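> Would you mind keeping the following structure in view while I ask a few things?
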Amino acid sequence: DTAVSQTPKYLVTQMGNDKSIKCEQNLGHDTMYWYKQDSKKFLKIMFSYNNKELIINETVPNRFSPKSPDKAHLNLHINSLELGDSAVYFCASSYRQGAETQYFGPGTRLLVL
Amino acid sequence: SQKIEQNSEALNIQEGKTATLTCNYTNYSPAYLQWYRQDPGRGPVFLLLIRENEKEKRKERLKVTFDTTLKQSLFHITASQPADSATYLCALGDNYGQNFVFGPGTRLSVLP
């Protein structure tokens, strides 16, 4: 009955590889997000999608590409991984944009070697 | 540029006392402010939301105040328990969902 789920939970990979992280929410929410939490625990928004449309695209390298096949899914694809990409990536969803509670997934711990 | 600060990186408090965490912001006029709790190895969990026209919100042992003149929110946990130990994050947003920003968090430890 997990509300927001992410796979994989852990991802260890070599520099230069391409990887994807998947996110699914079963809450019927319209808006989904990707966040990056670095080693200093600072949580920063990367992307926001509303009904499969990109709303927010913060200053992230274009090696990061979100894809939303439907309202319940928002996947994150990362090309040419770099050491600095090592972090915990969280997916979240909310009923709609604006003043709404965000529900977070458990996170994907990415380690680039 | 927008800046959010939380009073300290870590706060230790004795069980039974009231914990008070502070969130200050600059260069922002938020429509609302939220508080989240994050346990190690887990995603943040929503606790409370307070809007710009509200002064105070309560939920069980939690109380949040919001002073848009001081650009500050205070988060109180009364009768604190060791189970309250976690990192607490404040977050600000506008009504369009375009400028949602988290603070750096305060790691609270409630000592038995």
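The values are calculated or read from the model by the stated rules, or taken from the named source; none is laboratory data. Just so it is clear, the structure is predicted and the values come from calculations on it, not from any experiment. All Cβ positions, glycine included, derive from the backbone under ideal geometry; neighbour counts span all protein chains shown.
> With (1) without any contact (Cβ under 8 Å) to a residue 24 or more places away in the chain; (2) farther than 18 Å from residue A:36 by Cα as the list, and residue B:43 as the residue in question, which single condition is left unmet?
(2)
> Let me ask something else. Hey, can you tell me all the residues within segment A:36-62 that are within 7 Å of another protein chain (Cβ to nearest Cβ), assigned to a strand (DSSP E or B) and more than 12 Å from the chain's Cα centre (by Cα)?
A:55, A:56
> Looking only at segment B:39-59, count how many residues are in contact with a Lys or Arg (Cβ under 8 Å, 6 or more places away or on another chain) and surrounded by 14 or more Cβ atoms within 10 Å (Cβ to Cβ).
Qualifying residue count, segment B:39-59: 7.
> Could you tell me which of the residues B:36, B:28, B:96 is of a type outside the set (D, E, K, R), within 11 Å of chain A (Cβ to nearest Cβ) and outside any strand (DSSP E or B)?
When all the criteria are applied, what remains is B:96.
> Another question, then. Restricting to segment A:89-113, give me the number of residues that are closer than 19 Å to residue B:41 by Cβ, more than 9 Å from chain B (Cβ to nearest Cβ) and buried (at least 17 other Cβ atoms within 10 Å of the Cβ).
If we filter segment A:89-113 for residues that are closer than 19 Å to residue B:41 by Cβ, which is where we start, we get A:89-92, A:102-111.
Among the residues that remain, those that are also more than 9 Å from chain B (Cβ to nearest Cβ) are: A:89, A:108, A:110-111.
From what's left, buried (at least 17 other Cβ atoms within 10 Å of the Cβ): A:89, A:108, A:110.
Number of matching residues: 3.
> Would you confirm whether or not segment A:50-61 contains a residue that is in contact with a helix residue (DSSP H, G or I) (Cβ under 9 Å, 6 or more places away or on another chain) and without any contact (Cβ under 8 Å) to a residue 24 or more places away in the chain?
Checking segment A:50-61: at least one residue is in contact with a helix residue (DSSP H, G or I) (Cβ under 9 Å, 6 or more places away or on another chain) and without any contact (Cβ under 8 Å) to a residue 24 or more places away in the chain.
> Still on this structure, please answer the following. Mind checking whether some residue in segment A:11-23 is modelled with pLDDT under 95 and not in a loop (DSSP other than H, G, I, E, B)?
No, segment A:11-23 has no match at all.
> Could you look through segment A:24-33, keep only residues that are in a strand (DSSP E or B) and modelled with pLDDT of 95 or more, and pick out the one that is farthest from residue A:89 (Cα to Cα)?
Per the criteria, the residue is A:25.
> Exactly one condition in (1) in a loop (DSSP other than H, G, I, E, B); (2) away from chain B (no Cβ under 14 Å); (3) under 15 Å from residue A:110 (Cα atoms); (4) without any contact (Cβ under 8 Å) to a residue 40 or more places away in the chain is false for residue A:84; which is it?
Tallying (1) in a loop (DSSP other than H, G, I, E, B); (2) away from chain B (no Cβ under 14 Å); (3) under 15 Å from residue A:110 (Cα atoms); (4) without any contact (Cβ under 8 Å) to a residue 40 or more places away in the chain, residue A:84 fails exactly one: (1).
> How many residues does segment A:60-104 contain that are closer than 26 Å to residue B:35 by Cβ and not hydrophobic (A, V, I, L, M, F, W, C)?
11
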